[in-house]
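Okay, structure first, notes after.
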Amino acid sequence: MEHGQRMTGGRKRWLWLAGAAVWLGLPWLVFGNNYVLSTLVLIGLYALVGTGMTLLMGYAGQISLGQAAFYGMGAYTSAYLTAHAGWPAWLALVAGAALAALVALVVGIPVFRLREHYLALATLGFGVIMFTFFKEWKGITGGLNGFFGIPPIRIAGIPLQSDFQFYYLVSSFVLAGGWFARNVVRSRVGRALRAIHGSEVAASSLGVNITKYKLQIFMLSAVYASVAGSLYAHYVTFINPDLFGIIPSIYFLIMVIIGGTASVWGGLVGAAVYVCLGEWLKAVVPLLLPNAGGEFEIVFFGLLLVIMLIYMPNGLTGVAPKGLRRFWKTSWRQSERATAVDSHKARSIGGEQG
Amino acid sequence: MEAWSQFVQLLFSGLTVGSIYALVALGFVITYSVTGILNLAQGDFAMLGALFCVTLVNNGVPFVLAIGLSIVAVMAIGALFERLAIQPARRSPVAVLIIITIGASFVFRGIALLVWGTNPYALRPFTGHGALEVFGAVIQWQSVWAIIISLASFAALHLFFHRTYIGKAVAACVINPFAARLMGIDIRKMSLGAIAASAGLGALAGIVIAPISGASYDMGMMIGLKAFIAAVVGGLTNAPAAIAGAFLVGLLESFAEGYLSSGYKEAISFGLLLLVLFFMPNGLFAKMTGKRV
């Protein structure tokens, strides 16, 4: 955004090249350590979902508490079409993305008439409903037992099975996704989104078709999540509904908040911090608390989420640049009005809903 | 006759669950009315109440005392949560506040997990394991207790809001916080009180349901979400409508489970949520009460 445009083109290009070099060289730097590589792959997959959510939350100012549903849609579509229908993985990935976009369109039309609390609840409800289908539609998804034996993705006939190969596949998706998101943000669409974010009324009076743009960005974020889900399915070759419920949706949200919605790379930063912290906690906490169960990270991430939102609402990528602070501060006008009086948010929103 | 007894059975289980949702939903309505916050950690208060009570009872504390102590403890946690998480962020946009309550919910879940582990605990029923037979249906006494306790709580709250000075002050904050402040009502105290009271109601709900469905660290989320559905169906700020919404959700779920399939009951209640949000964002009962708040 603004700080980026202030940078000279040459400096930017170097930054990009250096970043790309580090990214491409990473697998060699870690000496083919599969644990590190698989962690990097996971970061890449989450980063894809996060990039889509960043567009939705940071630029369009819309909240989604059901993003894991699209992630699951991609994963199950890929799994089913490749394992049961014999489709090539690439085609299945595209089919999953198309399905996610279609569902986002159908769900988005009514959902994006809602705002704030109602929007959050509606996306949450959508997430729960999709999770129920993943769980109950046993003929397609394998139910709670999960879906086994998903074939690998192939490039020129070669199956990609090692963490090493997958790193490059996922990382190219992340780079392409980030680049595309950056272009979206800088295009006419991006400007329209920021206008919507600033003030929906002002934007619509300028002739911006709010609903259309919100829907488009929601569909785009669904495609990001779906592609990540497809890649995940082909990577681990086994999926089950728990990966796509409400808790994973909230984890995606946590990543995006940690990374910050100010930059399209917030998703990547957030995913990296989230995964690394999670792995670190898995290693450290059992030493301190031998009796802790498997999910102890949730305390930590819950605390981190609360603290970040209170003291660092713009996330890690939003700490420095001022223009980016717009997201949380000016997006929801009602809440600004409500600052005069501590409590009266409820009715001003409720009133506008009707 | 078989069909009839099944119907009565499902009716009672729906009313039981509905009364639990109603208690939590009521806490949610109080919080939302006074602070404007959708507290997604509401269900976790039920979880904490249930687990505290189980622990106290297992350590030999008399039953009634254990219930009282658990409710007080959870109210204290609610107050702490208000001071540490809600107050510092109260000027943030609504979406930020929602996400903060999600974070708090994760913290509660996580702490419960560390303290109590993943195994579910059983709490003994309030009055023995006996059951009541009505039209061939077997109804646990605990279900009757759940319904009675929630109805008594609603009555007590009604009296509180309409007959006591503090209750009227809270109601004033709901109707017009600015004017309330001019009249010398401390809104910050009200916010603290509202969240503590909601926590207490949640804890009571958790304790009442624990003998029926057990108590475990992850029971809070679904109870909380159902309570939100109930509150949204009722229009968010209208307590009697939220209670009606809670019984509606409970009955719908119970009958869906009995006559369709247990797996889809969540989808059905959330489907109801979406329908209400899309078509009647002021709640199903907006016209009935004739008042839009």
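Within the span defined as the stretch A:205-226, one or more residues are small (Gly, Ala, Ser), away from chain B (no Cβ under 14 Å) and surrounded by fewer than 18 Cβ atoms within 10 Å (Cβ to Cβ). Answer yes if at least one residue in the stretch B:27-34 is modelled with pLDDT under 85 and within 14 Å of chain A (Cβ to nearest Cβ), and no otherwise. For the stretch B:27-34, residues modelled with pLDDT under 85 and within 14 Å of chain A (Cβ to nearest Cβ): present. Restricting the stretch A:63-81 to residues that are among the polar types (S, T, N, Q) and open to solvent by less than 10 Å² (accessible area, probe 1.4 Å) leaves a set whose member that is modelled with the lowest pLDDT is A:Ser64.
Residues in the stretch A:147-159 that are surrounded by 14 or more Cβ atoms within 10 Å (Cβ to Cβ) and either at pLDDT below 80 or touching a helix residue (DSSP H, G or I) at 6+ places or on another chain (Cβ under 6 Å) (or both): A:Phe147, A:Ile150, A:Pro151, A:Pro152, A:Ile153. Comparison of A:Ser204, A:Ser171, A:Ser226 shows that the only residue that is closer than 19 Å to A:Val107 by Cβ and part of a helix (DSSP H, G or I) is A:Ser226.
Report whether or not A:Phe238 is open to solvent by 10 Å² or more (accessible area, probe 1.4 Å), among the aromatic types (Phe, Trp, Tyr) and either without any contact (Cβ under 8 Å) to a residue 60 or more places away in the chain or closer than 30 Å to A:Phe147 by Cβ (or both). The answer is yes for A:Phe238.
Could you grab me the full set of residues in the stretch B:79-91 that are within 17 Å of B:Ile187 (Cβ to Cβ), of a type outside the set (Lys, Arg) and either open to solvent by 10 Å² or more (accessible area, probe 1.4 Å) or more than 7 Å from chain A (Cβ to nearest Cβ) (or both)? B:Ala79, B:Glu82, B:Ile86, B:Gln87, B:Pro88 - these are the residues of the stretch B:79-91 that are within 17 Å of B:Ile187 (Cβ to Cβ), of a type outside the set (Lys, Arg) and either open to solvent by 10 Å² or more (accessible area, probe 1.4 Å) or more than 7 Å from chain A (Cβ to nearest Cβ) (or both). When you check A:Thr123 against the structure, is it buried (at least 21 other Cβ atoms within 10 Å of the Cβ), of a type in the set (Ser, Thr, Tyr) and within 14 Å of chain B (Cβ to nearest Cβ), yes or no? Considered against the rule, which asks whether it is buried (at least 21 other Cβ atoms within 10 Å of the Cβ), of a type in the set (Ser, Thr, Tyr) and within 14 Å of chain B (Cβ to nearest Cβ), A:Thr123 comes out as yes.
Kindly indicate whether any position in the stretch A:6-14 is assigned to a helix (DSSP H, G or I), of a type in the set (Ser, Thr, Tyr) and free of Cβ contacts under 8 Å to residues at least 60 places away in the same chain. Within the stretch A:6-14 (the criterion being assigned to a helix (DSSP H, G or I), of a type in the set (Ser, Thr, Tyr) and free of Cβ contacts under 8 Å to residues at least 60 places away in the same chain), the answer is no, since none of the residues qualifies.
A:Lys135 - would you say it is open to solvent by less than 10 Å² (accessible area, probe 1.4 Å) and either under 27 Å from A:Leu56 (Cβ atoms) or at pLDDT 80 or above (or both)? Spelling it out, it is not the case that A:Lys135 is open to solvent by less than 10 Å² (accessible area, probe 1.4 Å) and either under 27 Å from A:Leu56 (Cβ atoms) or at pLDDT 80 or above (or both). With respect to the conditions (1) within 12 Å of chain A (Cβ to nearest Cβ); (2) outside any loop (DSSP other than H, G, I, E, B); (3) surrounded by fewer than 20 Cβ atoms within 10 Å (Cβ to Cβ); (4) within 17 Å of the chain's Cα centre (by Cα), B:Ile229 lacks only one, and its number is (3). Within the stretch A:166-183, the set of residues being crowded, with 17+ Cβ neighbours inside 10 Å and under 14 Å from A:Val223 (Cα atoms) comprises A:Phe173, A:Val174, A:Gly177, A:Gly178, A:Ala181.
Residues in the stretch B:170-180: is at least one in contact with a Cys (Cβ under 9 Å, 6 or more places away or on another chain) and surrounded by 15 or more Cβ atoms within 10 Å (Cβ to Cβ)? Within the stretch B:170-180, one or more residues are in contact with a Cys (Cβ under 9 Å, 6 or more places away or on another chain) and surrounded by 15 or more Cβ atoms within 10 Å (Cβ to Cβ).
Out of all the residues in the stretch A:31-61, which are more than 23 Å from A:Thr237 (Cβ to Cβ) and either open to solvent by 10 Å² or more (accessible area, probe 1.4 Å) or among the small types (Gly, Ala, Ser) (or both)? Those that are more than 23 Å from A:Thr237 (Cβ to Cβ) and either open to solvent by 10 Å² or more (accessible area, probe 1.4 Å) or among the small types (Gly, Ala, Ser) (or both): A:Phe31, A:Gly50, A:Gly52, A:Gly58, A:Ala60, A:Gly61. Could you say whether any residue in the stretch B:202-217 is hydrophobic (A, V, I, L, M, F, W, C), within 13 Å of chain A (Cβ to nearest Cβ) and not in a helix (DSSP H, G or I)? No.
If the condition is being touching a residue at least 40 places away in the same chain (Cβ under 8 Å), more than 18 Å from A:Thr237 (Cα to Cα) and open to solvent by 10 Å² or more (accessible area, probe 1.4 Å), then the stretch A:82-101 contributes A:Ala97, A:Leu99, A:Ala101. Tell me, which residue of the stretch B:101-115 that is open to solvent by less than 10 Å² (accessible area, probe 1.4 Å), under 19 Å from the mean Cα position of the chain (by Cα) and not small (Gly, Ala, Ser) is nearest to B:Thr55 (Cα to Cα)? Applying the filter and picking the extreme gives B:Phe106.
Quick grid of which residues meet (1) surrounded by fewer than 22 Cβ atoms within 10 Å (Cβ to Cβ); (2) touching a residue at least 60 places away in the same chain (Cβ under 8 Å); (3) among the hydrophobic types (A, V, I, L, M, F, W, C):
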| site | (1), (2), (3) |
| --- | --- |
| B:Ser5 | yes, yes, no |
| B:Gly14 | no, yes, no |
| B:Ser19 | no, yes, no |
| B:Val24 | no, yes, yes |
| B:Tyr32 | no, yes, no |
| B:Gln42 | no, yes, no |
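Annotation note: of B:Gly271, B:Gly263, B:Gly224, the sole residue that is closer than 24 Å to B:Phe108 by Cβ and assigned to a helix (DSSP H, G or I) is B:Gly224. Considering only the stretch B:46-65, I want to know if a residue exists there that is more than 14 Å from chain A (Cβ to nearest Cβ), among the hydrophobic types (A, V, I, L, M, F, W, C), without any contact (Cβ under 8 Å) to a residue 24 or more places away in the chain and under 20 Å from B:Tyr217 (Cβ atoms). So far as the stretch B:46-65 goes, yes, one or more of its residues are more than 14 Å from chain A (Cβ to nearest Cβ), among the hydrophobic types (A, V, I, L, M, F, W, C), without any contact (Cβ under 8 Å) to a residue 24 or more places away in the chain and under 20 Å from B:Tyr217 (Cβ atoms). Just so you know, in the stretch B:250-267 the residues that are closer than 19 Å to B:Phe12 by Cβ and within 12 Å of chain A (Cβ to nearest Cβ) include one that is surrounded by the most Cβ atoms within 10 Å (Cβ to Cβ), and it is B:Ala256. For the stretch A:130-148, the set of residues classified as part of a helix (DSSP H, G or I) and without any contact (Cβ under 8 Å) to a residue 12 or more places away in the chain consists of A:Thr132, A:Phe133, A:Glu136, A:Lys138, A:Gly139, listed by residue number.
The values are calculated or read from the model by the stated rules, or taken from the named source; none is laboratory data. None of the values given here were measured: they were computed from a predicted structure. Please note: Cβ atoms are built from the backbone with ideal geometry, for glycine as well, and neighbour counts cover all protein chains shown. Just the protein is used for accessible areas: all its heavy atoms, side chains included, with ligands, DNA and RNA removed. Shrake-Rupley method; radii C 1.70, N 1.55, O 1.52, S 1.80 Å.
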